[in-house]
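J.: Please find one structure pasted underneath; my questions will follow.
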Amino acid sequence: MPTVSVKRDLIFQALGRKYTDEEFDELCFEFGLELDEITTERDIISREQGDVRAEGASDVVLYKIDVPANRYDLLCLEGLVRGLQVFKERAEAPRYRRLSPSDGAPQRLLITEETAAVRPHAVAAVLRNISLTQERYDSFIELQEKLHQNVCRKRTLVAIGTHDLDTISGPFTYTARPPAQIRFRPLNQSQELTALEMMSMYKSDSHLRHYLHIIEDKPVYPVIYDSNGVVLSMPPIINGDHSRISLNTKNVFIECTATDLTKAKIVLDMIVTMFSEYCEQPFTVEEAEVVYPDGRTCVYPELAYRTETLTGDFINQKVGIRLVWFGMSPSPLQQSGLLVPPERRARVCVCVHACVPVCACVRVFVFVFVQLPLNKLTELLRQDLAAASFTEALTFALCSQEDIADKLGRNISEIRAVHIANPKTAEFQVARTTLLPGLLKTLAANRKMPLPLKLFEISDVVLKDDTRDVGARNSRRLCAVYYNKSPGFEVIHGLLDRVMQLLEVNPGPGEGYHIKASDDCSFFPGRCAEVFAHGQSIGRLGVLHPDVISRFELTMPCSALDIDIEPFL
């Protein structure tokens, strides 16, 4: 979930009123966002780099707001303010318009066939007569970076270039050339460099080095020229310094090169709709033509509107519950940024970044709900386990391979674990397949507390499952540990009996429950039992192996119970 940082005073000014921190937190919650943190630039630098580096940093209060991953329109101050104002019915959702240039033919971007080997797609548009301030400029740049990190997948799918149109001359050519033949002055540099020199220089750049791998092994690099041979950009790495935008820029040429045309259209729509409010004609965008190698000409941005007709049966089908619909008020739909025609209000106009209309309706009309049976069972068990003097823990859903394999005496290749493709740290390499490592690490962090330590957790684990469309499934587990000077197997066994009593499962074979001696490398030999209920194995209990204890930096015996609770629904 991306996080957007906005200056508190700036967003209050844009909203037209001041809020207390609590009031703004409540406003975000009502809108479906979360105010994650209230901080300052000084605090952020001090926390990450130390107090010395933080000297002289700004004390301006920043709101860090968590934004849903699919709401690209909320990744900047302009989108946040617009969404909140429409939600509070202080403004109407704008109607975005694509205009033809008033003084001639539209700007053209010509794509050559050489780009097929690297980034075959491109889209373009113009923001005409825009008025920029320092705050607007900063927001403009930050939105591009947020889009690059999210929908653009770190520039692998889409790369954005923004240019001062008055410093360049169309038509523009998007082509690909051998790196030795590309030479220009990159952004913020004082001299011209070849593409090879740039790639070498940026290997030590903390920001740009993460994108070099996208094209560095390609025989040709993508590049955009104007009609005079001036280089606009070498996507997805760097723009040219010649066409850089500034506070004095009045006309902005925006180009997006891509490997995914759909994502490129979305990104272009996001940028122009967010900042077209600063144009001389607010919420208007000047079109541009993109000419493909086969001669096709496409006009962008599309800014495509569509009309949706909603019925009660359709909404019931999507929501998964049955409601009786007596009518539909336009207000909640309009609060969600949708354009509702005056006639009957049964049809909804949707453009660019609008939420799915069904969601808008459900947010208001679905006021009766039923708790999921699995969650209800979980809550009931939590209360009774706490009453049995066990303390609940909440541990991370991700863990290291070592936690679920080596420390438990298992082989990672034999575990149905879901692996993270590009883990940021060694602590979060896989989705947990058992709750036991998290509880043992919690014991280790609290081993100085008075004994005995009795912990439990009821949460999901993730297991590979080829029968599911996503290749994995969640499984709700119950895990409990008893840590003391003696193993306390009888305590854990008693907890199992209590759980079964609560679940109204009688002792005995068949439809009842029973335990059977078992061997498990995580448990002490001869001190492990497999738990059966309703004729199937649901887990294990026993005294943990001394090697497992020591690997988790514990020094005393520990017994554990780990069972699946889904069979009891």
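The values are calculated or read from the model by the stated rules, or taken from the named source; none is laboratory data. What you see is a predicted model; the values in this text were computed from it and never measured. Because the Cβ atoms are built from the backbone with ideal geometry, glycine has one as well, and the counts that use them run over all protein chains shown. For accessibility, only protein heavy atoms count, side chains too; no ligands or nucleic acids. Shrake-Rupley method; radii C 1.70, N 1.55, O 1.52, S 1.80 Å.
J.: Could you grab me the full set of residues in segment 377-421 that are within 18 Å of L440 (Cα to Cα), open to solvent by 60 Å² or more (accessible area, probe 1.4 Å) and charged (D, E, K, R)?
T.: Of everything in segment 377-421, those that are within 18 Å of L440 (Cα to Cα), open to solvent by 60 Å² or more (accessible area, probe 1.4 Å) and charged (D, E, K, R) turn out to be E392, E402, D406, R410.
J.: Looking only at segment 226-268, count how many residues are open to solvent by 10 Å² or more (accessible area, probe 1.4 Å) and part of a helix (DSSP H, G or I).
T.: 5
J.: For the condition crowded, with 16+ Cβ neighbours inside 10 Å, in contact with a Leu (Cβ under 8 Å, 6 or more places away or on another chain) and under 24 Å from R136 (Cα atoms), what is the one hit in I38, I11, I45?
T.: Answer to the selection: I11.
J.: Looking at the structure I just gave you, is K441 open to solvent by 20 Å² or more (accessible area, probe 1.4 Å), in contact with a helix residue (DSSP H, G or I) (Cβ under 7 Å, 6 or more places away or on another chain), not in a strand (DSSP E or B) and not polar (S, T, N, Q)?
T.: Taking the combined requirement at face value, the residue does not satisfy it.
J.: If a residue must be open to solvent by less than 40 Å² (accessible area, probe 1.4 Å) and either within 17 Å of E289 (Cβ to Cβ) or part of a helix (DSSP H, G or I) (or both), how many such residues does segment 82-106 contain?
T.: 8
J.: A follow-up question, please. Within the set of pairs 6+ apart or on separate chains, which have a first residue in segment 409-423 that is of a type in the set (K, R), a second that is outside any loop (DSSP other than H, G, I, E, B), and C-beta atoms under 6 Å apart?
T.: Every condition considered, the pairs that remain are R416/L463; R416/K464.
J.: Further, regarding this structure: Which of the numbered conditions does T194 fail, given that it passes all the others? Conditions: (1) among the β-branched types (V, I, T); (2) over 30 Å from S102 (Cα atoms); (3) touching a residue at least 24 places away in the same chain (Cβ under 8 Å).
T.: Result: T194 passes all but (3).
J.: Consider M201 against the criteria (1) open to solvent by 20 Å² or more (accessible area, probe 1.4 Å); (2) in contact (Cβ under 8 Å) with a residue 40 or more places away in the chain; (3) outside any loop (DSSP other than H, G, I, E, B): it satisfies all of them except one. Which criterion is unmet?
T.: (2)
J.: Now for a different question. Would you point out which residue out of V481, V491, V470 is among the aliphatic types (A, V, I, L, M), open to solvent by less than 10 Å² (accessible area, probe 1.4 Å) and either without any contact (Cβ under 8 Å) to a residue 60 or more places away in the chain or not in a loop (DSSP other than H, G, I, E, B) (or both)?
T.: Unique residue meeting the criteria: V481.
J.: Further question: What are the residues in segment 382-403 that are assigned to a helix (DSSP H, G or I) and in contact with a helix residue (DSSP H, G or I) (Cβ under 7 Å, 6 or more places away or on another chain), if any?
T.: D384, Q401, D403 - these are the residues of segment 382-403 that are assigned to a helix (DSSP H, G or I) and in contact with a helix residue (DSSP H, G or I) (Cβ under 7 Å, 6 or more places away or on another chain).
J.: Ok, one more. Among (1) under 32 Å from the mean Cα position of the chain (by Cα); (2) closer than 19 Å to E566 by Cβ; (3) surrounded by 18 or more Cβ atoms within 10 Å (Cβ to Cβ), which single condition is L374 missing?
T.: Of everything listed in (1) under 32 Å from the mean Cα position of the chain (by Cα); (2) closer than 19 Å to E566 by Cβ; (3) surrounded by 18 or more Cβ atoms within 10 Å (Cβ to Cβ), L374 misses just condition (3).
J.: Take S537 and decide whether it is in a strand (DSSP E or B) and within 22 Å of V491 (Cβ to Cβ).
T.: no
J.: Additional query: I want to confirm something. Restricting to segment 269-320 and keeping residues that are of a type in the set (S, T, Y) and in contact with a Ser or Thr (Cβ under 8 Å, 6 or more places away or on another chain), which single residue is surrounded by the most Cβ atoms within 10 Å (Cβ to Cβ)?
T.: Across segment 269-320, the extreme among qualifying residues is S276.
J.: On the basis of being basic (K, R) and within 27 Å of V543 (Cβ to Cβ), does R476 make the cut?
T.: Here the answer is yes, as R476 does meet what is asked.
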